[in-house]
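A.B. asks: Below is the structure I would like to discuss, written out as structure tokens.
The values are calculated or read from the model by the stated rules, or taken from the named source; none is laboratory data. Bear in mind the structure is a predicted one, so any value in this text is a computation, not a measurement. Here the Cβ is made from the backbone with ideal geometry for all residues, glycine too, and neighbour counts use every protein chain on show. Surface accessibility is based on the protein's heavy atoms, side chains included, excluding ligands, DNA and RNA. Shrake-Rupley method; radii C 1.70, N 1.55, O 1.52, S 1.80 Å.
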Amino acid sequence: MSCPDLVSDYINPATKWYQTDLHVVINIQLMEVSDYYLQIENDCLQFSTETNGKKYYLILYLYGAVVPEKTAHKNFGREIRIYLVKALKWFSWRRLITSKEKHIYISYDLDHIMREPKNATTFDIHRFQRYKKENNIQYIMPAMSSSEDDSDDSDMDNDFYH
């Protein structure tokens, strides 16, 4: 017995996403959408619409939990933007959905990758030494290297407390 191929009349829309410490933002790339269905649950997003004679459907089983009551969405004419509030704030999602498989219609929005500001100062390794000198601090010992760990600490203890 052979089973017939599964055929769907629905198309998965192109979807871009990015995250902040508090939100996950999903952009569904569809133009001229006048009406759509959106349902958000703790770990699932469902979206469907019909535009230009084509039917679109998207179901995402999300990587992390969200707070459905705090979801906001807006139609920008060329995309529908959905703002999900993370249930675990400051928890970074590794991907948008639970599946580890790559989906051609889902991509990370590269315009929102956090970059170090151009004016950011680099870490000054000598800052601690300057701080000790400026404040006349002599009782804080420097970190020991691995070769010093094997040595006898009795001499150092006497110098440290005197």
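A.B. asks: Residues that are within 28 Å of Ser8 (Cα to Cα), in contact (Cβ under 8 Å) with a residue 24 or more places away in the chain, open to solvent by less than 40 Å² (accessible area, probe 1.4 Å) and among the acidic types (Asp, Glu): does region 77-85 have at least one?
C.D. replies: yes
A.B. asks: Condition first: of a type outside the set (A, V, I, L, M, F, W, C) and part of a loop (DSSP other than H, G, I, E, B). Now tell me which residues in region 87-108 satisfy that.
C.D. replies: Lys89, Ser92, Arg94, Arg95, Thr98, Ser99, Lys100, Glu101, Lys102, His103, Tyr105
A.B. asks: Identify the residue in region 29-64 that is in a loop (DSSP other than H, G, I, E, B) and among the aliphatic types (A, V, I, L, M) and, among all such residues, is surrounded by the fewest Cβ atoms within 10 Å (Cβ to Cβ).
C.D. replies: Checking each candidate, the answer is Met31.
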